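The structure appears below as structure tokens.
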Amino acid sequence: MKIDCQSHVMPEAYIEVFAKNPQSPTMQKESNNTLVILVNGRPVIRNDLAAYDIAKKIKDMDGFGIDMSIISPNIPGPCMLAPELALKGARILNDYVAEAIQLHPDRLAGIACLPWQNTEEALAEMDRAADQLKLCGVMLFSNIDGQPVDEPQFEPIFAQAEAKGLPIVIHPTFPSWGAAIRDYMMIPMMGFQVDSSFALLRLILSGMLERHPRLKIVMPHVGGVLPYMIGRIDYQTEKMGRKPEHIIDAPSEYLKRVYFDTCSPSAPAIKFAIDFIGAQRTLFGSDHPWVDPQMFIDIINGLDISEPDKAVIFSQNAQQLFKLGS
């Protein structure tokens, strides 16, 4: 069995909301059915909207032997909408995901998006998404319209996710510092992974995981850059006296409580991540429709790990973490 934990959708009604966003970023649909995402008025990403079609996703899943996909919107999330539009955008996304699941209940599950800018609205939408729409996790983009994810106003949202047993799934978005790397397409090449790594590191160093020990976090793309940098981070905190007062253990101990997904087109990177985090905390993820899932299936099948470990990576971890089938 295979469960893809990173698979994206984008409803056109949401694009219409983002087209009205009075701040950066914005989105627009071109006549050739291309979605254009603009940051400070400059096109940064172009995607073919046909790739997001739900029927195509199911067909692709059949072709790749993927039994279930946990779907979520791609960037930008509603946390980058102006406050007056954020709840509307989040509800459109969550309703769309829920409707897709109703059409394919045995093939799809879904992650909820929240208007993180407004704590009360975010808490209410989390309740609606989990209790009424039966979505199985919460998306956290790597910054909240430029604000760090560990700001105090966001802590009640993490606390409620912990209480509900909803995993927080981190996903990259446009870095607030992206102007420094906008040349040569370095934002999607490198910036996304670095920004999401900073987001998780902030959650660790701020004590968020210390204060909420039952909070479940999923870090995509084999942990970003953190598995490769964690030795230096530990050395800085444990040997150089730069440890924040908010944490008790070394940062690596908190990082080992997180789940990684396999979305990195590199067998050595995936193997390194599994060696660090363990097969029991690794999830199969593909970033469909923008990456060919077969590449990751082949990489995982080709790794020098046991067949039981491959089974937990492909499906069993996701079943348990997201309470699928319960």
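The numbers here are math on the coordinates, done by the rules we state, and not lab data. For clarity, every value in this text was computed on a predicted model and none was experimentally measured. Virtual Cβ from ideal backbone geometry, glycine too; neighbours counted across all protein chains shown.
Scanning the range 284-305 for residues that are among the hydrophobic types (A, V, I, L, M, F, W, C) and out of contact with any Ser or Thr (no Cβ under 6 Å at 6 or more places or on another chain) yields W290, V291, M295, I297, I299, I300, L303, I305.
The C-beta contact set for the range 183-200 (first residue surrounded by 22 or more Cβ atoms within 10 Å (Cβ to Cβ), second residue in a helix (DSSP H, G or I), distance under 7 angstrom, 6+ apart or interchain) comprises I187/G178; I187/I181; S197/L226; L200/L226. Cβ separations smaller than 9 Å between residues 6+ apart or across chains give the following pairs from the range 294-320 residues that are in a helix (DSSP H, G or I) to residues that are aromatic (F, W, Y) and surrounded by fewer than 21 Cβ atoms within 10 Å (Cβ to Cβ): Q294/F64; I297/F64. Restricting attention to the range 121-152, and to residues there that are part of a strand (DSSP E or B) and among the aliphatic types (A, V, I, L, M), which single residue is surrounded by the most Cβ atoms within 10 Å (Cβ to Cβ)? Of everything passing the filter in the range 121-152, L140 is surrounded by the most Cβ atoms within 10 Å (Cβ to Cβ).
Total residues in the range 26-60 satisfying the condition of being under 24 Å from M1 (Cα atoms), hydrophobic (A, V, I, L, M, F, W, C) and in contact with a helix residue (DSSP H, G or I) (Cβ under 8 Å, 6 or more places away or on another chain): the figure is 1. If you scan the range 177-206, which residues turn out to be within 17 Å of G77 (Cα to Cα) and in contact with a helix residue (DSSP H, G or I) (Cβ under 9 Å, 6 or more places away or on another chain)? Within the range 177-206, G178, I187, G191, F192, Q193, D195, S196 meet the criteria.
For the range 73-110, a residue qualifies if it is part of a loop (DSSP other than H, G, I, E, B), more than 25 Å from I58 (Cβ to Cβ) and of a type in the set (A, V, I, L, M, F, W, C), and the qualifying residues are L81, A82.
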